[in-house]
1. Modelling each spin label as a point 7 Å along the Cα-to-Cβ direction, I'd like the A92/N153 distance in nm, to one decimal.
2. Using a 10 Å cut-off on Cβ atoms, rank the peptides 91-100, 12-21 from the highest mean neighbour count down.
3. How do 160-173, 22-35, 143-156 rank on mean C-beta neighbours within 10 Å, highest first?
4. Would you list T87, T175 from the most to the least accessible area, probe 1.4 Å?
5. Would you be so kind as to identify which of G96, T19, S34 lies farthest towards the positive end of the dipole of the chain, taking Lys and Arg as +1 and Asp and Glu as -1 on Cβ and the Cα centre as origin?
6. For I67, what residues show an amide H to amide H distance below 5 Å, using hydrogens built from the backbone and excluding near sequence neighbours?
7. With a 1.4 Å probe and all protein chains kept in place, how much accessible area does E106 have, in Å² rounded to the nearest 10?
8. Over the chain, calculate the relative contact order: mean separation of alpha carbon pairs under 8 Å at least 6 apart, over the residue count, as a percent.
Amino acid sequence: LEWQDKYRDGATLYVYTNTYPLYDIEGHIVMGISANIDITARKKMENDLKNSKMHLEKIMETPNSLIVELDSALNIIRFNKGCEELTGYVRAEVVGKNWLELFVPERLKEAVKFVFEEVKKDSAVLPRHFENPIITKEGHERTILWSNTNLKNEQGIVTSIIAMGDDVTERKKHTKRL
């Protein structure tokens, strides 16, 4: 049983209580023994983690930026609202699907695959910024300027790549006209 109490100064104390019955020789409960453990620090960590998760989810849903997370097999783990708005796909349509197959133009698939294979071997190969087109649901190409980072497990192995992108298609068209 978890419960909370207040210190005299008004600060909250979180306690975990476990009670065990004591029986007499006839098997009747005669009393209970309780053990109380102060879990205030654990509750604070849980709350901090929850707040951090909510904060990151808010950032992920910033509609002006594309944010996508890919696993080591290049399958989509996360796909934010910005990605939905630009590509025409909803998250449920793409999560678990392969990024290369769904979004990378055929002419670039081998090159992009090679880069990702190198990233899996040595994370230093991952370019921090690069530009490449993606294909929308309607078949249009949009040029995206990507910023990347990778996540590693305890053994230092890359487990996923987080890419944040900005659509620079119109800017590139405007620059070409000048």
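The values are calculated or read from the model by the stated rules, or taken from the named source; none is laboratory data. Values in this document were obtained by computation on a predicted structure and should not be read as measured data. Positions of Cβ are generated from backbone atoms using ideal geometry, with glycine treated the same way; all protein chains shown enter the neighbour counts. Note: areas computed on protein heavy atoms with side chains; ligands, DNA, RNA excluded. Shrake-Rupley method; radii C 1.70, N 1.55, O 1.52, S 1.80 Å.
1. 3.1 nm
2. In descending order of packing, they fall as 91-100, 12-21.
3. Ranking the peptides 160-173, 22-35, 143-156 by packing returns 160-173, 143-156, 22-35.
4. Working: T87 0, T175 90 Å².
Solvent-accessible surface, decreasing: T175, T87.
5. Positive-end residue among those listed: G96.
6. Placed amide hydrogens put N80, G82, C83, G165 under 5 Å from I67.
7. In the full protein context, E106 sits at about 140 Å².
8. Reported relative contact order: 14 percent.
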